[in-house]
């Protein structure tokens with residue numbers, strides 16, 4: 001959304017992701033079910049052929065040449 005100018009300003013991506021995906025709540029549910037949750041909810045992966053590091057979301061957004069014109 002930031003790439004296409006649908007949102008502006010600073011975005012706390014980590015906070016948004018934690019509220020949307022509820023990783024801590026999911027981990028608790030898994031434990032309650034006797035399962036072992038993953039050690040971490042954050043990992044790097046590739047999206048559209050570009051590496052995405054959840055600790056550097058702005059760098060990922062800026063890595064695309066195509067975006068909404070200013």
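Does anyone have the angle between helix 23-32 and the longest principal axis of the chain? Alpha-carbon axes, 0 to 90°, nearest 10?
20 degrees
Counting other beta carbons within 10 Å of each residue's own, what order do 66, 7 fall into, fewest first?
Working: 66 6, 7 10.
Listing 66, 7 from fewest to most nearby Cβ atoms yields 66, 7.
Would you please give the FRET efficiency between residue 65 and residue 19, computed as 1/(1 + (r/R0)^6) with r the Cβ-Cβ distance and R0 = 30 Å, to the nearest 0.05? Walk me through the numbers before you get to the answer.
Numbers: r = 31 Å, r/R0 = 1.03.
Efficiency, rounded to the nearest 0.05: 0.45.
Bin width 5 Å, alpha-carbon pairs only: give the P(r) of the stretch 4-70 as whole percents, running from 0 to the bin holding the largest distance.
3, 13, 19, 20, 18, 11, 8, 5, 3, 1, 0
Would you work out the relative contact order for the chain, in percent, from Cα pairs under 8 angstrom that are 6 or more residues apart?
Values: 36 pairs, mean separation 23.7, N = 70.
Worked out over the chain, it gives 34 percent.
If I stretch the segment between residue 10 and residue 28 completely, what's the gain in nm (0.36 nm per residue apart, minus their alpha carbon distance), one decimal? It would help to have the intermediate numbers written out before the result.
Numbers: separation 18, 0.36 × 18 = 6.48 nm, distance 3.04 nm.
Contour length minus Cα-Cα distance gives 3.4 nm.
With runs of 4+ DSSP H residues as the only contributors, calculate the mean residue ellipticity of the chain at 222 nm using -39,500 (n - 2.57) per run, divided by the residue total and rounded to the nearest 500. Display every interim value, and only then the final one.
On the way: 3 runs with 25 residues, N = 70.
My calculation for the chain gives -10000 deg cm²/dmol from helical runs alone.
Here, each number is a calculation from the coordinates, and none is a lab measurement. This structure is a prediction, so every number in the text was calculated from the model and none was measured. Note that we place each Cβ from the backbone using ideal geometry, even for glycine, and neighbour counts take in every protein chain shown.
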